[in-house]
1. When a footprinting reagent is the concern and you count Cβ atoms within 10 Å, what order do 60, 43 take, fewest first?
2. Setting aside same-chain residues fewer than 8 positions from residue 75, which aspartates and glutamates have a Cα under 18 Å from its Cα?
3. If neighbour count is taken as other Cβ atoms inside 10 Å, put 14, 98 in order from fewest to most.
4. Using 0.36 nm per residue of separation minus the Cα-Cα distance, give me the extension gain between residue 43 and residue 100 in nm, one decimal.
5. First measure r as the distance between the Cβ atoms of residue 63 and residue 88, then evaluate 1/(1 + (r/R0)^6) with R0 = 41 Å and state the FRET efficiency to the nearest 0.05.
6. Under a Cβ-Cβ cut-off of 13 Å, what is the net charge of the residues other than residue 82 that fall near it, where Lys and Arg count +1 and Asp and Glu count -1?
7. Could you work out [θ]222 nm for the chain from helices alone, using -39500 (n - 2.57) per DSSP H run of at least four and dividing by all its residues? Round to the nearest 500 deg cm²/dmol.
8. With N set to the number of residues, divide the alpha-carbon radius of gyration of segment 41-109 by 2.2 N^0.38 Å and report two decimals.
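Readers should treat all values here as calculations from the given coordinates under stated rules, not as data from a laboratory. In this text, all values refer to a predicted model and were calculated from it rather than measured experimentally. With ideal geometry, Cβ positions are generated from the backbone for all residues, glycine too; neighbour counts draw on all protein chains shown.
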Amino acid sequence: MGSTASYPKSRTYHPNAFKFVYSALRFTQERLGRDRQSEVTGHISGPELLDGLRVLALQHFGMLSAVVFRKWGVKSTDDFGHIVFEMIELGEMRRTPHDQLSDFFDVYDFDKVFQDDYVPETSSAFSK
């Protein structure tokens, strides 16, 4: 598994969507204290990955997260599931017998988590 992989020429998703999912996988494993080298202790579920994707997107793109994702062809958490399963087929991610594409379906609404619930970090703007 490596981040220098050649991602598929997808008709649906921009290559940056694949790169971001891979980054979010690593980010989420680290955030949850999982061992990246172990198939057993390094595994994260679909909902865990989606939560990591959400947090990382807000850190990188803020309120523009949904706009960036739409530009990449990603309109819902379902799309991230399709990307993950394409990456599994490429050998860039592993799956357990319990992992299913449906684990990614309708987990959260992009407009709600990236716009309606978004609270900008302003503490550094007002610190001395």
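1. Fewest to most other Cβ atoms nearby, the residues stand as 60, 43.
2. Of all the aspartates and glutamates, those that pass the test against residue 75 - Cα under 18 Å, at least 8 places apart if same chain - are 51, 86, 103, 106, 109, 111, 116, 117.
3. Placing the least packed residue first, the sequence is 98, 14.
4. On the way: separation 57, 0.36 × 57 = 20.52 nm, distance 1.36 nm.
Residue separation times 0.36 nm, minus the Cα-Cα distance, leaves 19.2 nm.
5. Efficiency for this residue pair is about 0.85.
6. Around residue 82, the charge tally is -3.
7. About -13500 deg cm²/dmol.
8. Numbers: Rg = 12.2 Å, N = 69, 2.2 N^0.38 = 11.0 Å.
So the Cα radius of gyration is 1.11 times the expected 2.2 N^0.38 Å.
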